[in-house]
Amino acid sequence: GSTLTIKDLHVAIDGKEILKGVNLEIKGGEIHAIMGPNGTGKSTLSSAIMGHPKYEVTSGTITLDGQNVLEMEVDERARAGLFLAMQYPSEINGVTNADFLRSALNSRLGEGNEISLMKFIRKMDKQMEYLEMDLDMAQRYLNEGFSGGEKKRNEILQLMMLEPKIAILDEIDSGLDIDALKVVSKGINQMRGGDFGCLVITHYQRLLNYITPDHVHVMMQGRVVKSGGAELAQRLEAEGYDWIKQELGIED
Ligand code: ADP
Ligand code: MG
Ligand code: MG
């Protein structure tokens with residue numbers, strides 16, 4: 001299996017330090033959840049892993065199976081097997097969902113290993129059916145006029161088609177009704193097992209009723225301040241974050 005290793009990561013935006021030494025290791029086969037109050041740097045972590053130019057890594061390392069992720073261009077990160085939902089464009093004029101997915105998949109598979117059109121269509125149909133998606137979605141222009149729920153389902157379709165080594169899903173649950181939430185969770189759970197590793201970032205415990213994480217981390221003030229198992233998410237749901245702040249002597 002693969003391992004994504006984040007060591008003492010410091011990230012600044014416009015010269016202001018947001019992440020202040022994040023340590024995290026995600027292995028293939030594991031589902032990790034990061035929770036935490038708003039504004040504590042969860043999305044910043046996801047953007048830094050994805051290589052967003054606005055997020056400056058001032059020190060620390062990110063490696064995938066020992067390879068330096070920070071030296072890779074955004075598309076190289078995807079080819080190396082990282083999946084970051086946000087890295088996929090919101091809308092591209094004139095490119096259908098199917099075209100986009102096929103070229104993303106072929107880029108991931110590499111030259112000489114491209115998937116045949118027939119195989120691709122079969123795989124895509126199967127996954128769309130599994131995700132209870134309207135098959136017309138394949139021929140629609142990417143994200144054009146997609147509802148919030150359709151976009152999220154489509155991100156999970158991308159995930160299931162690309163079969164990355166490690167996926168980072170930031171707020172995949174936000175704005176979803178319960179049916180869409182169930183479908184999104186079903187997709188992630190189907191990927192589960194084997195070598196697939198996943199980091200779900202969520203503000204709400206609700207998603208974790210459907211996806212039971214192996215590890216839960218709490219982020220506060222730009223650091224992972226506490227880690228535990230699924231029971232940690234349940235305690236946060238019941239008691240909020242104050243007890244952790246007290247335990248650690250954090251003031252806000
Ligand atoms: P979370 O996802 O945990 O809610 P974020 O990572 O989005 O937190 O934000 C952490 C901090 O960084 C916040 O204080 C936020 O205002 C700041 N921040 C995030 N993104 C930007 C940005 N693009 N420009 C300026 N400040 C930002
Ligand atoms: Mg440090
Ligand atoms: Mg966020």
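Computed quantities for the displayed model
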| item | result |
| --- | --- |
| Stokes-Einstein translational diffusion, the chain - Kirkwood Rh over all Cα pairs, 0.890 mPa s, 25 °C, in µm²/s | 131 µm²/s |
| The stretch 53-157 - charge dipole about Cα centre, Lys and Arg +1 at Cβ, Asp and Glu -1, debye rounded to 20 | 220 debye |
| Share antiparallel - DSSP beta bridges, the chain, percent rounded to 5 | 60 percent |
| Reachable lysines, given that their alpha-carbon falls under 20 Å from the alpha-carbon of residue 151 and they are not under 8 places away in the same chain | 123, 126, 182, 186 |
| Selected from 95, 22, 74 as most flexible by GNM, with the chain as the system and alpha-carbon contacts under 10 Å | 95 |
| Candidates per GluC sites (Glu not before Pro) in the stretch 44-116, loop by DSSP, up to 11 other Cβ within 10 Å | 73, 91, 111 |
| Full-stretch length increase - residue 250, residue 93 - with 0.36 nm per residue and alpha-carbon distance subtracted | 51.8 nm |
| Packing-based exposure ordering (other Cβ within 10 Å, fewest first) of 58, 40 | 58, 40 |
| FRET efficiency estimate (nearest 0.05) - Cβ-Cβ, residue 125 to residue 38, R0 41 angstrom | 0.55 |
| Paramagnetic label zone (point 7 Å from Cα along Cα-to-C-beta, residue 54; backbone N under 18 Å) in the stretch 22-38 | 38 |
| Equivalent-ellipsoid semi-axes of the stretch 81-212, from the Cα gyration tensor, Å, largest first | 23, 17, 13 |
| Radius, Kirkwood style, for the stretch 166-252 when every pair of distinct Cα atoms is counted (Å) | 14.0 Å |
| Spin-label pair residue 14/residue 231, simplified geometry with 7 Å Cα→Cβ offset, distance in nm | 4.4 nm |
| Label-point separation, residue 192 to residue 242 (7 Å along Cα→Cβ), nm | 3.3 nm |
| Scattering curve values for the stretch 1-106, log₁₀ I(q)/I(0), Debye with Cα scatterers, q = 0.23 Å⁻¹ | -1.34 |
| Ellipticity estimate at 222 nm from DSSP helix runs (n ≥ 4, -39,500 (n - 2.57)) divided over the chain, nearest 500 | -10500 deg cm²/dmol |
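Read-outs throughout are calculated quantities, based only on the coordinates presented, and are distinct from any laboratory measurement. Worth saying up front: this structure is predicted, and the values here are computed from it rather than measured. Because the Cβ atoms are built from the backbone with ideal geometry, glycine has one as well, and the counts that use them run over all protein chains shown.
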